[in-house]
């Protein structure tokens, strides 16, 4: 289920919650999930453009991106639940960093660092295939 928060409601929620509670509920550390595909960039979302999906607040750089996300959120959510593709390919489950990503087959995948992004960019199909195999084993 997707819900929109008005700017006023979002501001009231933000004021009512401690900073740690806010950051725990923000998807992608507040980055715009649509921008990875539309702009090939990790863009910060705005506090007044928020949609709640799967219990997290997803932020957007503009209204068009929010509308695109709301029409099909699974299309814009990061692959492998945002885990680091390189770590998964190596058999480990580590969170990816929303500021480091690679788009493969029109899906954004996160990695943990610039070095991991470079490694993934060097052989994306092989590493993604290995990561998916690890994913199946770690999360049956």
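The values are calculated or read from the model by the stated rules, or taken from the named source; none is laboratory data. Keep in mind the model is a prediction, meaning the values are calculated, not measured. When we count neighbours, we look across all protein chains shown, and the Cβ atoms used for this are built from the backbone with ideal geometry, even at glycine.
So, in the stretch 105-124, how many residues would count as being within 19 Å of residue 43 (Cβ to Cβ) and outside any helix (DSSP H, G or I)?
Looking only at the stretch 105-124, we keep the residues that are within 19 Å of residue 43 (Cβ to Cβ), and these are 106-111, 114, 117.
Next, from what is left, pick out any that are outside any helix (DSSP H, G or I): 106-111.
Matching residues across the stretch 105-124 total 6.
With (1) assigned to a loop (DSSP other than H, G, I, E, B); (2) at pLDDT 95 or above; (3) over 21 Å from residue 26 (Cβ atoms) as the list, and residue 130 as the residue in question, which single condition is left unmet?
Here residue 130 clears every test but (1).
Here is a yes/no grid of residues against (1) surrounded by 13 or more Cβ atoms within 10 Å (Cβ to Cβ); (2) farther than 26 Å from residue 140 by Cα; (3) without any contact (Cβ under 8 Å) to a residue 24 or more places away in the chain:
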residue	(1), (2), (3)
32	yes, yes, no
40	no, yes, no
46	yes, yes, yes
60	yes, yes, no
71	no, yes, yes
87	yes, no, no
95	no, no, yes
114	no, yes, yes
124	yes, no, yes
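State the number of residues belonging to the stretch 126-138 that are in contact with a strand residue (DSSP E or B) (Cβ under 9 Å, 6 or more places away or on another chain) and loosely packed, with under 11 Cβ neighbours inside 10 Å.
Result for the stretch 126-138: 0.
What about residue 86, is it farther than 25 Å from residue 25 by Cβ and assigned to a helix (DSSP H, G or I)? Even if it seems obvious, please write down each step before you answer.
On the way: farther than 25 Å from residue 25 by Cβ: yes; assigned to a helix (DSSP H, G or I): yes.
Answer is yes for this residue.
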